[in-house]
Amino acid sequence: MEWKQNLDIVLTVEEYKFVLTTPRPAVPAANAAQALRDAHRRWHKANEMAKCYMLASMSSVLKHQHSAMKTAAEIMTNLTNLFGSQNRTAKSQAFQSIMTKTMKEASSVRQHVLEMMSHLNQIEVLGGTIDPES
């Protein structure tokens, strides 16, 4: 979970996170518009950078398993398949923490709010959503 949070931060700051949700574009024709060729080039550069960040921050065993994958999205999908149950458990625990959290008398409001924000951030990073029903 912490690895994914850190990766999300880096990919967002570097403006590479879109490759996790945007499919690989088709190779533009030789006579394609410059904007189309630029978009294609930008996606591939962002994908390579995202893959580098991901692989560089993995254990050597995971790095070996994922180094031949073509896209960052493929790597993320495989990691989700490998560790998805851990994410579901962590998300469930974060939801439970929010629902059962009470502020103790004479405790810091600031600390309580920070703890609640931390749980909400965990849920968001793990792909959960907070809607009126939940």
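Would you mind working out the magnitude of the charge dipole of the chain relative to its Cα centre, with +1 at each Lys and Arg C-beta and -1 at each Asp and Glu C-beta, to the nearest 20 Debye?
Around 400 debye, computed over the chain.
Candidates 59, 36, 12 compared by Cα position along the dipole of segment 2-125: farthest toward the positive end lies 36, with charges placed on Cβ. The phi-based Karplus calculation (6.51 cos²θ - 1.76 cosθ + 1.60; θ = phi - 60°) puts the 3J(HN,Hα) values of segment 62-69 at 5, 4, 4, 5, 10, 5, 8, 5 Hz, whole numbers, x for Gly and Pro.
Over the chain, DSSP H runs of length four or greater, each weighted -39,500 (n - 2.57), average out per residue to a 222 nm ellipticity of -22000 deg cm²/dmol. Taken about its Cα centre, segment 1-67 carries a charge dipole of about 220 debye when Lys and Arg each add +1 at the Cβ and Asp and Glu each add -1 at the Cβ.
The phi torsions of segment 117-126, fed into the Karplus equation with coefficients 6.51, -1.76 and 1.60 and a -60° offset, translate into couplings of 4, 4, 5, 5, 5, 4, 4, 5, 4, 7 Hz, rounded to whole numbers, with Gly and Pro shown as x. Shown here: segment 88-132, whose C-alpha atoms stretch 34, 20, 15 Å along the first, second and third principal axes, sorted largest to smallest.
In segment 11-55, which GluC sites (Glu not before Pro) are in a loop and have at most 16 other Cβ atoms within 10 Å, using DSSP for the loop call?
Answer by residue number: 14, 15.
State the volume of the convex hull built on the alpha-carbon positions of the chain, expressed per residue in Å³ and rounded to an integer.
It comes to 154 Å³ per residue, whole-number rounded.
Coupling constants for segment 97-105 follow from the phi torsions by the Karplus curve (6.51 cos²θ - 1.76 cosθ + 1.60, θ = phi - 60°), and in residue order they are 4, 5, 5, 9, 5, 10, 8, 6, 4 Hz; glycine and proline get x. Given a cut-off of 20 Å, name the pairs among 63/91; 70/91; 4/101; 45/70 whose C-alpha atoms lie farther apart than that in the structure shown. From the list (63/91; 70/91; 4/101; 45/70), the Cα-Cα distance tops 20 Å for 63/91; 70/91; 4/101.
Every number here is computed from the coordinates shown, using simple stated rules; none is lab data. If you're wondering where the values come from, they're calculated on a predicted model, not measured in any experiment. Cβ coordinates were reconstructed from backbone atoms using ideal geometry, including for glycine residues, and neighbour counts include every protein chain displayed.
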